[in-house]
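S.K.: Before we start, here is the structure in question, set down as structure tokens.
Since every read-out is calculated from the coordinates, none of them should be taken as a lab result. None of the values given here were measured: they were computed from a predicted structure. Neighbour counts are summed over all protein chains in view; Cβ atoms, including those assigned to glycine, are modelled from backbone coordinates with ideal geometry.
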Amino acid sequence: MKILGIETSCDETAVAVIDARPDGSFVPLANIVSSQVAMHERFGGVVPALAAREHAANVGPVFAQALAEAGITDPAHEVGLLAVTRGPGLGPALLVGLTFARTLAWKLGLPLVGADHMDGHIHSNWLGRTMPAAGLFPALNLVVSGGHTELVLMHDHGNYEILGETRDDAVGEAFDKVARLLELGYPGGPRISRLAADGNPAAFTLPRPMADSDTLDFSYSGLKTAVLYLIRDLGGTLTEQQKADIAASFQEAAVDVLISKTRRAAGMHPVRSLMLSGGVSANRLLRERLTSLATELGLPAFIPDMAYTGDNAAMIAVAAYFSHTRGVPAPDHVAMDANLRLGHNQ
Ligand code: KG4
Ligand code: ZN
């Protein structure tokens, strides 16, 4: 069955067509992502009203491009299911995708499933490879993005237990804020990790907030503030080497906490696999450390293909496939929920 996904929760207008094959694989036939990053960069972050305006302008052309790339000329007959992100995300941005999807569902006479954005990120692991049909669950998911930092125990598709989450900033947000302090621009994550490659991670000692506490919750605002004070103590004007050393030291601290909490969670629950997802899963150090942790624990690790770490609509289509096949009825009117919580998505 071919599934067409639509994602407009933040600053990427994305439309994808995937083929859900009988062997359990999901083959992306088209995965179009139109990024607004350049437009938001001068504001240092995403401006919701501008994001909505751009989505409204782009969603039609991106949809047409996805159909063309997937070789679909008659979507009403060639596509079996429509999927759209219903939350969490920026309200005005989500509304554009939802309205487009609902109109399309009505026009084409196709069922429409609303998917949770974070459920989508988790399902990015099902793209670009054939996942084992058995032995995965419970899977311990480390879900890390610009808005979320969560440890999620996945008992099955759609059956999630949130073990811990951030009490303040998300880890991706911390990368973005530290990048701003280092005057690297937006989005900060990729720029910090690139700069960190030239720095010494032991150059500065930064705090590992809540790393030793019993809870599986996270806190990243203190780490960002520690970087702010460090820059001030260094006199405010930094050399290129100092910037690289700060980036490397910050990245080391941020990843350290993620890995130590994941290790702790794996010790507390009967886990059969580790999974990483969300925009921050593009971070090379994090990918390496999670792989090492899985080896240490004797568990398989699933880390998304780099093509699917950031926001995309293929992952939304996979998440929708699973909720559709487990019999969750596709609502007539998929409603937007900007504050939707994972595990309560239907
Ligand atoms: O999942 P995503 O694309 O959007 C949200 O749902 O938030 O995640 C975006 C976040 C941003 O904070 C960005 O800085 C971060 O992911 N990110 C990274 C890297 N690539 C993207 N953080 C650390 N290292 C990276 N290589
Ligand atoms: Zn995301």
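S.K.: Which percent, nearest 5, of DSSP beta bridges in the chain are antiparallel? Intermediate values should be presented prior to the final figure.
M.R.: Working: 27 of 45 bridges.
Just about 60 percent of them are antiparallel.
S.K.: Right, next: Please work out the FRET efficiency for the pair Arg263 and Ala38, using the Cβ-Cβ distance as r and a Förster radius of 45 Å; give the result to the nearest 0.05. Before the final figure, lay out each step's value.
M.R.: On the way: r = 38 Å, r/R0 = 0.85.
With R0 = 45 Å, the Cβ-Cβ based efficiency is 0.70.
S.K.: Enter the per residue convex hull volume of segment 172-243, computed from alpha-carbon coordinates, in Å³ rounded to the nearest integer.
M.R.: Values: hull volume 6.8 nm³, N = 72.
Hull volume over Cα atoms, normalised by residue count, gives 94 Å³.
S.K.: What whole-number value in cubic angstrom gives the convex hull volume per residue for the C-alpha atoms of the chain?
M.R.: Working: hull volume 42.9 nm³, N = 346.
Output value, Cα hull per residue: 124 Å³.
S.K.: Here's a follow-up. Would you mind ranking Ser145, Ser277 so that the residue whose beta carbon has the fewest other beta carbons within 10 Å leads the list? Intermediate values should be presented prior to the final figure.
M.R.: Numbers: Ser145 24, Ser277 28.
Ordered from fewest to most neighbouring Cβ atoms within 10 Å, Ser145, Ser277 come out as Ser145, Ser277.
S.K.: If contacts are Cα pairs under 8 angstrom and at least 6 residues apart, what is the relative contact order of segment 167-317 in percent?
M.R.: Numbers: 200 pairs, mean separation 37.1, N = 151.
Across segment 167-317, relative contact order equals 25 percent.
S.K.: Quote the relative contact order of segment 75-134 in percent (integer), defining contacts as alpha-carbon pairs under 8 Å separated by 6+ residues. Spell out each step's value before the answer.
M.R.: Numbers: 56 pairs, mean separation 24.2, N = 60.
Averaging sequence separation for qualifying contacts and normalising by length gives 40 percent for segment 75-134.
S.K.: Follow-up. Taking θ as phi - 60°, what are the ³J(HN,Hα) couplings along segment 228-239 by the Karplus curve (6.51, -1.76, 1.60), each to the nearest whole Hz, with x for Gly and Pro?
M.R.: Per residue, the Karplus-derived 3J(HN,Hα) values read 4, 5, 4, 5, 5, 5, 7, x, x, 9, 9, 7 Hz.
S.K.: When DSSP beta bridges are limited to those with both residues in segment 11-123, what percentage is antiparallel, rounded to the nearest 5?
M.R.: Details: 9 of 14 bridges.
Within segment 11-123, antiparallel bridges account for around 65 percent of the total.
S.K.: If you split all Cα-Cα distances of segment 165-309 into 5 Å bins from zero, what percentages do you get per bin, shortest first?
M.R.: 2, 10, 19, 22, 20, 14, 8, 4, 1, 0
S.K.: Subtracting the Cα-Cα distance from 0.36 nm times the residue separation, let me have the gained length for Ala202 to Asp74 in nm, one decimal.
M.R.: Numbers: separation 128, 0.36 × 128 = 46.08 nm, distance 5.76 nm.
Taking Ala202 through Asp74 to full extension adds about 40.3 nm, to one decimal.
S.K.: Dividing the Cα radius of gyration by the Kirkwood radius, what Rg/Rh value follows for segment 1-131?
M.R.: On the way: Rg = 14.5 Å, Rh = 15.0 Å.
A ratio of 0.97.
S.K.: Using helices alone, what [θ] at 222 nm do you get for the chain, with -39,500 (n - 2.57) per DSSP H run of 4 or more residues, divided over all residues and rounded to the nearest 500? Write out the running numbers ahead of the final one.
M.R.: On the way: 11 runs with 145 residues, N = 346.
That comes out to -13500 deg cm²/dmol.
S.K.: Cα centroid distance between segment 212-289 and segment 140-180, in Å?
M.R.: Answer, in whole Å: 12.
S.K.: Averaging sequence separations of C-alpha pairs under 8 Å and six or more residues apart, then dividing by the length of segment 158-246, give the relative contact order as a whole percent.
M.R.: Values: 100 pairs, mean separation 33.8, N = 89.
Worked out over segment 158-246, it gives 38 percent.
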